[in-house]
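Beneath this line is the structure, given in structure tokens, with notes to follow.
The values are calculated or read from the model by the stated rules, or taken from the named source; none is laboratory data. This structure is a prediction, so every number in the text was calculated from the model and none was measured. So basically every Cβ, Gly included, is an ideal-geometry build from the backbone, and we count neighbours across all protein chains shown.
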Amino acid sequence: MHFSGQQVGIAAGATAIGALIAPFFVGIVADKLFATEKVLGALQFAGGALLFLASRQTAFVALYSVILFYCLCYMPTMALTNSLSFRQMRDPKLEFGPIRVLGTSGWIVAGLLVGSLGLKATSHPLQIAALSSVLMGLYCFTLPHTPPLARADGQGAAGGIFPKESLSLLKERSMAVFAIASFLICIPLQFYYAFTNLFLNQSGVSNAAAKMSAGQFSELFCMLLIPWFFRRLGVKYMLVAGMLAWVVRYILFAYGNSGPGMWMLWLAILLHGICYDSFFVTGQIYIDLKAPAALRARRD
């Protein structure tokens, strides 16, 4: 659509706005008012409609406005999905990885589909995502019933957008360090999500979307190993390994190229499993262990 680099960055930044704002309000709904699976279904239906509308836009302002509303619907679903999953598990440290790996498989299918069919420069990925979102909405209503943990009488409820129960967690040194590390690591992460595919294409890497799926294969493999690493390393050293892997990855991207340095780009892509699983998936499990039950629908 010939948008400028600044416009591409602004559009990609809509996900950050959605992640910053929406989980607080949607989390309150899931924590206090409605069952999690019903909230998820409603958000996915709304997201499907917005994605289809986005695929019809040609002007930047109109497209950005629709994408922003979509992100406000979509970003809370990640926390809600984790919340529902953890509520239905006996031991998330051992059970979450093998279940979460199915989501990674979906990323692989999407990357290979878009890359192999040559759909990157069309509106078709938005339309495919719209249909997928509607199907996901239907599926959400078949999930196990997960009612709010906060009782109607207010006992056990965590009130407000910034409840004191969540702020008190930051008084713990380990939680404060984790929060600061998450904040810092997510700054360059946004650049990775927004521009890696564009960077690889402009660097002369052919079929970049399909090649990036190798990172999801790596994530799939590492996800299955999470229970093993939990027993041997523990949360702290898994988080440290994830942060160090991100540093190495950015160095490889900085100095790699599509010629003799292609091995550096391949290695950077394959490090995705360690980067994502060791920090973000481990972090989700860690927060689930530490957060009060009545706050878990907005914990991410």
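Worth a mention:
- Filtering the stretch 110-152 to residues that are touching a residue at least 60 places away in the same chain (Cβ under 8 Å), among the β-branched types (Val, Ile, Thr) and over 22 Å from Ala42 (Cα atoms) leaves only Val114.
- Residue list for the stretch 99-116, restricted to those being surrounded by fewer than 18 Cβ atoms within 10 Å (Cβ to Cβ), at pLDDT below 80 and either out of contact with any helix residue (DSSP H, G or I) (no Cβ under 6 Å at 6 or more places or on another chain) or more than 30 Å from Gly234 (Cβ to Cβ) (or both): Leu112, Ser116
- Checking the stated criteria, Ala79 turns out not to satisfy the condition of being touching a residue at least 12 places away in the same chain (Cβ under 8 Å) and out of contact with any Asp or Glu (no Cβ under 7 Å at 6 or more places or on another chain).
- Qualifying residue in the stretch 241-252 (condition: touching a Ser or Thr at 6+ places or on another chain (Cβ under 7 Å) and at pLDDT below 80): no
- Members of the stretch 78-96 found to be surrounded by fewer than 23 Cβ atoms within 10 Å (Cβ to Cβ), under 15 Å from Leu40 (Cα atoms) and of a type outside the set (A, V, I, L, M, F, W, C), listed by number: Thr81, Asn82, Ser85, Arg87
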